[in-house]
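Comments concern the structure below.
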Amino acid sequence: MLAALRDKSLHFQVFALAIPMVLSNITVPLLGLVDAAVIGHLDHAWYLGGVAVGGTMINMTFWLLGFLRMATTGICAQAYGAHDKEAQAGTFVQGMAFAWLLALLLIVFHQPVATLIFHFSTASAEVKMYAEQYFSIRIWGAPAALANFVIMGWLLGTQNARSPMWLLIVTNLVNIGLDVLFVLGFGWKVQGAAVASVIADYSGMLLGLWFVSRQWIAHSLPAIREKLGCVRYGMGRLLKLNRDIFLRSLCLQLTFVFMTFQGATLGDNVVAANAVLMSFLMLVSYAMDGFAYAMEALVGKAIGAKNREELSRYLVGTTFWSVIISLVLTFTFSVFGREIIGLISNIPTVHQEAMRYLPWLAAFPLVAMWCFLLDGIFIGATRGKEMRNSMFIAMCFFFAIWWMLNSYGNHALWAAMLGFMAMRGIGLAVIFSYQWQKNIFLSPASANN
């Protein structure tokens with residue numbers, strides 16, 4: 001372990017993939033913070049609550065399909081490590097075809113889906129109205145949003161983190177700029193925030209396709225037209241991995257949706273305060289995901305090359321820097337949390353509510369770091385079944401904690417979320433330890449799941 005940490009080339013490899021993704025990922029929750037800040041300075045809390053609930057619903061819909069990025073990264077990274085250009089090209093074409101098929105289904109069936117989802121919401125009438133408004137606009141960005149998953153996953157799988165970095169940064173800067181223009185400049189309120197996001201998604205897709213074309217030429221991959229006729233070949237592995245990651249993501253999103261809806265039963269100020277703190281939680285998630293993405297690409301590459309020693313080095317180096325980042329985030333939230341909340345919302349009741357639950361959030365980076373890292377390891381290894389099973393157990397743990405502590409109101413929700421993150425890490429750590437000791441982790445598993 002010490003020898004690996006003294007290896008400068010290892011740190012360079014980790015940082016070359018992780019830092020661009022950390023920087024770009026941070027722009028995603030910053031977008032959420034800008035949304036919260038812009039909407040939070042309007043004259044009623046229900047605008048912020050509507051964007052929080054509607055945003056949670058659209059993000060749940062898209063994040064449930066985040067397997068498109070994860071599966072693409074793992075499979076493409078293994079193909080890259082094995083120097084298989086045919087597989088690299090095929091993975092991209094199959095991923096894009098699947099993404100656009102899913103997007104078409106979302107657009108066709110979004111109205112009954114929205115009606116079903118919001119039927120179970122117990123938020124106030126005003127919050128529900130604006131949430132439905134936000135959702136019905138954002139869904140039209142599905143073709144671009146899902147395509148961007150595949151584009152990012154493919155670029156990361158080919159060990160290119162700079163292009164996804166610029167894709168995310170440009171997309172979110174466009175979103176932020178249009179957010180301010182549409183909401184504050186044009187007075188479009190909730191509709192303005194939604195339209196800004198849709199335009200930004202399509203801007204990102206066009207930029208991403210340009211990045212892919214450059215990478216394609218640089219790596220001398222087979223022409224796309226040669227792969228179109230055989231999209232179905234090899235699709236089984238992608239579909240099986242996508243199935244397991246989808247079920248894993250479903251469990252994950254159920255916990256976040258439950259937290260949002262259950263918070264809404266406690267009043268508009270609580271749901272608005274939770275929206276502010278969840279923006280912080282997303283900041284932690286996306287910062288840690290930068291190193292998880294690096295882990296996916298590096299682990300997949302090592303497994304494709306069937307190099308156990310290289311895999312071990314990547315695990316040590318990425319874990320070391322993840323610990324450092326989590327300590328910095330914990331310090332930042334603990335010391336500057338009050339000031340950051342004040343920047344987001346100047347509504348006194350929302351600020352007061354958010355401060356009550358800030359200590360829970362400050363503990364998140366150190367607790368949640370392990371589940372993000374281990375997710376990266378298992379995605380790179382394309383071991384979706386293990387991720388699915390461990391996430392189900394963690395979800396059950398979440399609801400058990402909430403059920404036991406529900407008399408404590410919103411504190412019970414935050415305690416359950418912290419326990420959920422901890423159990424995610426513990427479950428995957430136990431599985432990884434067993435498979436590593438049995439020397440079965442190095443071989444790709446998804447084809448046989």
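The values are calculated or read from the model by the stated rules, or taken from the named source; none is laboratory data. As the structure is a prediction and not an experimental result, all values here were calculated from the model. Cβ coordinates were reconstructed from backbone atoms using ideal geometry, including for glycine residues, and neighbour counts include every protein chain displayed. Ligands, DNA and RNA are excluded from the accessible area calculation, which covers all protein heavy atoms including side chains. Shrake-Rupley method; radii C 1.70, N 1.55, O 1.52, S 1.80 Å.
Side notes on the structure shown:
- Accessible area (Å², per residue) of the range 83-183, counting only protein heavy atoms and a probe of 1.4 Å: 41
- Computed about its Cα centre, the charge dipole of the chain is approximately 1220 debye, with only Lys, Arg, Asp and Glu carrying charge at their Cβ.
- GNM result for the chain, Cα springs below 10 Å: residue of L106, L116, L168 fluctuating most strongly: L116
- Three-way shape call for the range 166-285 based on the alpha-carbon gyration tensor, with the a/c threshold at 1.5: oblate
- Bridgeable lysines around K306 (alpha carbons under 29 Å apart, same-chain partners fewer than 8 residues away excluded): K8, K85, K227, K240, K385, K438.
- Stretching R356 away from L101 to a fully extended chain increases their span by 87.4 nm, per 0.36 nm per residue minus the current alpha-carbon distance.
- Estimated inter-spin distance, L209 and E309, nm [label 7 Å along Cα→Cβ]: 4.5
- Largest GNM mean-square fluctuation across S213, S312, S322, computed for the chain with C-alpha springs under 10 Å, falls on S213.
- Length gained on full extension, I324 to L239: 27.0 nm, using 0.36 nm per residue less the C-alpha separation.
- Counting only residues at least eight positions apart within a chain, or on another chain, the lysines with an alpha carbon under 24 Å from that of K128 are K189.
- The chain: most fluctuating residue of A200, A297, A125 per GNM, C-alpha cutoff 10 Å: A125
- Probing with 1.4 Å while keeping every protein chain in the model, the per residue accessible area of the range 366-449 equals 42 Å².
- Full extension of the chain between F336 and E126 gives 72.4 nm of extra length, using 0.36 nm per residue less the Cα-Cα distance.
- The range 247-315, accessible area per residue, ligands and nucleic acids excluded (1.4 Å, Å²): 26
- Carbon/sulfur fraction of accessible area - the chain, other protein chains in place, 1.4 Å, %: 69
- Protein-only accessible surface at a 1.4 angstrom probe places the residues W321, W216 in the order W321, W216, largest first.
- Tensor-based shape of the range 360-428 (alpha-carbon gyration tensor, a/c under 1.5 rounded, otherwise prolate or oblate): oblate
- Förster radius 56 Å - calculated FRET efficiency between A223 and M404 (Cβ-Cβ, nearest 0.05): 0.45
- Efficiency of FRET from Cβ geometry, L173 and L442, R₀ 51 Å, rounded to 0.05: 0.80
- For the chain, the alpha carbon positions stretch 57, 46, 36 Å along the principal axes, listed from largest to smallest.
- The residues packed around N269, meaning those with a beta-carbon under 14 Å from its beta-carbon, carry a net charge of -2 if Lys and Arg are +1 and Asp and Glu are -1.
- In this simple spin-label model, placing a label point 7 Å from the Cα along the Cα-to-Cβ direction at both S136 and V430 gives a separation of 4.7 nm.
- Global form of the range 305-414, assessed from the alpha-carbon gyration tensor, a/c cut-off 1.5: oblate
- Per residue of the chain, the DSSP helices (runs of n ≥ 4 H) give a summed -39500 (n - 2.57) that works out to -29500 deg cm²/dmol at 222 nm.
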